[in-house]
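Computed from the coordinates by the stated procedures, all read-outs in this text should not be read as laboratory data. Quantities reported herein were computed from a predicted structural model and do not represent experimental measurements. Cβ: placed from backbone, ideal geometry, glycine included. Neighbour counts: every protein chain shown.
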Amino acid sequence: SLPDDGDAGDLKTKIFEKYCDALKAEKNPVLRESMVFNLYYAKELFAENQQAKIDELYEIIAPSKPPYTKWFKDGKKDLKISWRSGTGDHANDEFLKRDSDALIQYHGFKMVTDEYGHRVLKKEFAVDGKQTKVTIDFRVDNCTMFDNMDDPDTGIVVYAGHSDIGRNIRNSMANAQDQQGAKLLFIDLCSGKDGLFRMRDRYPDAQVVTTFDSSYYGWGEAEGGRAFNAMLEGIAARSDWKALDEAMKGVVGWGHALDRNYLTPIQTLVRRRLLDTDHDGQADVLDRLVDFNLMKPEMSTENEFSPVKPNHPINKLDGINVQTAAMTINTLVGYNTTLESLASLSRVVADGFFVPAKGEEDVIVKFIEDKDQKLLMKGSSGTATAFRMKINGNFAHMSEEVLRTVTCYEFNKLMAETYPEEYFDEGDWPEGFNDQAKARLMGLVFAASNLVFDMNDNYWSMHPRDKVVWDNLLKYVGVPDIDPEKLFKFIYGIGSDGDTHHDYTGSTRVLSEFLKMLTPDEIEALKQ
């Protein structure tokens, strides 16, 4: 870094000013955001007056307030909210009634429409001379959470319900309309972090609040309802995001990986780990250069587990599947009791493709621990380093579901090898398996759960592609054939089993139950 005084200081000032001018003039939102983040990332290297200017520019990627000036332009007082409730556990409108009843009972809202699957609530706020007339339109649908993004009169779009391990966001994207008017998205599910990059891709001008891990509910008001109302009361006071962030943090329950669960627009470093704005497969927190005109790898389902030199330079390949695989791991570990304590802080950060060196030709994925201070995640129970995930460019032809499956298996293996004491400390491991065999069995269940929850499947049915992927995974791992039908049906049923509820992606007791379905020969093969 150049010093701040003398000729070098003058040069530094000129370069800084030129950079800021170019940033302000830049029309491409992806490049503009990258330029802001890179400047903010190096903020401590600049003089105090320059740091103040960087803080002003930072507003581009981390708005300090919701879009009040657009919402309440010309003295407008109305705030219209579109709320989509996911399908409930016991009845379609269970979550709709839960959340609307809580707003009525605990927060003074009045119901003006009450129909099956549809309610409308109203409330007037008066804070420090500011009036806000809120109308919330509740409807039930898992896959229309972005309804009314095209309505210029709707200010806030809410979803509260199940995630279906990321599928509800992706299914809703299929029907999403272009944004009209200033929007705030409040997406409350378990969890939203794996879909944040998709929401930001689709709606780059919207401010997005979503969850880092599970959103808890039970008796009384759900955690998401408390967080939403805390945010809404702050909006009525025209509070900035710093105050709104603290208000939401103060009403969520304990037991989350972070000291908060709702990621607001000002949680920049965490969010940049979860975003890949230019789709090169490298998370924004690592990416210093924006890539344009990336080429989609030519996908091949015939030889996905064999290296194939791509038709385009590796640094010009679209890496959306790398980003998707990283986010999949970060979500699935939250439902695996063995992995959750080791990796609940979203430790996997997508880091694009690598050119294989001699001896690495068949290496599909590499995880590289990175102790950079800016990549450390400070959680409720400690601090965790990041693992940068790099994919061999000669496997860029892998489909999304195969890449997800392999990286899930390999990440489980990494955790077993890196933290053996913690990994094998959990009770109830199946008897007769050595540590390597235990980890392999857990890895297979973890990888299978990814196939169960990929975009090919509907509940209670296995997609034909899954058997092909599974058979190839077994060959890759080096174990004999195991009928996936048994395993997949078992994983589908975990959610309805009280003893294994929320262990959707594996636990030691899940392994023991699964082994009961296998023949003695199959079990013996897994022990080798």
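A few remarks follow.
- ³J(HN,Hα), Karplus 6.51/-1.76/1.60, whole Hz, each residue of region 205-215, x for Gly, Pro: 8, 8, 8, 10, 10, 8, 8, 7, 9, 4, 9
- Packing-based exposure ordering (other Cβ within 10 Å, fewest first) of 97, 18: 18, 97
- With θ taken as phi - 60° and the Karplus curve 6.51 cos²θ - 1.76 cosθ + 1.60 applied, the whole-hertz 3J(HN,Hα) list for region 54-59 is 4, 4, 5, 5, 4, 4 Hz, x standing for glycine and proline.
- Ordering of 320-332, 129-141 by burial proxy (mean other Cβ atoms within 10 Å per residue, highest first): 320-332, 129-141
- Per-peptide average of other Cβ atoms within 10 Å, ordering 346-357, 468-479 highest first: 346-357, 468-479
- Peptide packing for 417-424, 221-228 was compared via the average number of neighbouring C-beta atoms within 10 Å per residue; ordered from the highest value, the list is 221-228, 417-424.
- Mean residue ellipticity (222 nm) of the chain, computed from DSSP H runs ≥ 4 via -39,500 (n - 2.57), nearest 500: -12000 deg cm²/dmol
- Here the Debye sum runs over all C-alpha atoms of region 65-137 as equal scatterers in vacuum, and log10 of I(q)/I(0) at q = 0.22 Å⁻¹ comes out as -0.99.
- In order along region 421-435, the phi-based Karplus estimate (6.51 cos²θ - 1.76 cosθ + 1.60, θ = phi - 60°) of 3J(HN,Hα) comes to 4, 5, 4, 8, 6, 4, x, 6, 5, x, 6, x, 10, 6, 4 Hz; Gly and Pro are listed as x.
- Rg/Rg_ref, region 283-527, where Rg_ref = 2.2 N^0.38 Å and atoms are Cα: 1.01
- The equivalent ellipsoid of region 68-213 has semi-axes of 24, 20, 13 Å, largest first, where each one is the square root of 5 times an eigenvalue of the Cα gyration tensor.
- Divided by 2.2 N^0.38 Å, where N counts the residues, the Cα radius of gyration of region 152-212 comes to 1.03.
- Where Rh is the Kirkwood radius over Cα pairs, Rg/Rh for region 6-60: 0.97
- The calculated Kirkwood hydrodynamic radius for the chain is 24.7 Å, given to one decimal from all distinct C-alpha pairs.
- Square roots of five times the Cα gyration tensor eigenvalues for region 172-326, Å: 35, 17, 14
- Inverse of mean 1/r across different Cα pairs in region 128-231, Kirkwood, Å: 14.3
- Rg(Cα) / (2.2 N^0.38 Å) computed for region 289-430, rounded to two decimals: 1.11
- From the alpha carbon centroid of region 300-323 to that of region 5-69 is 35 Å.
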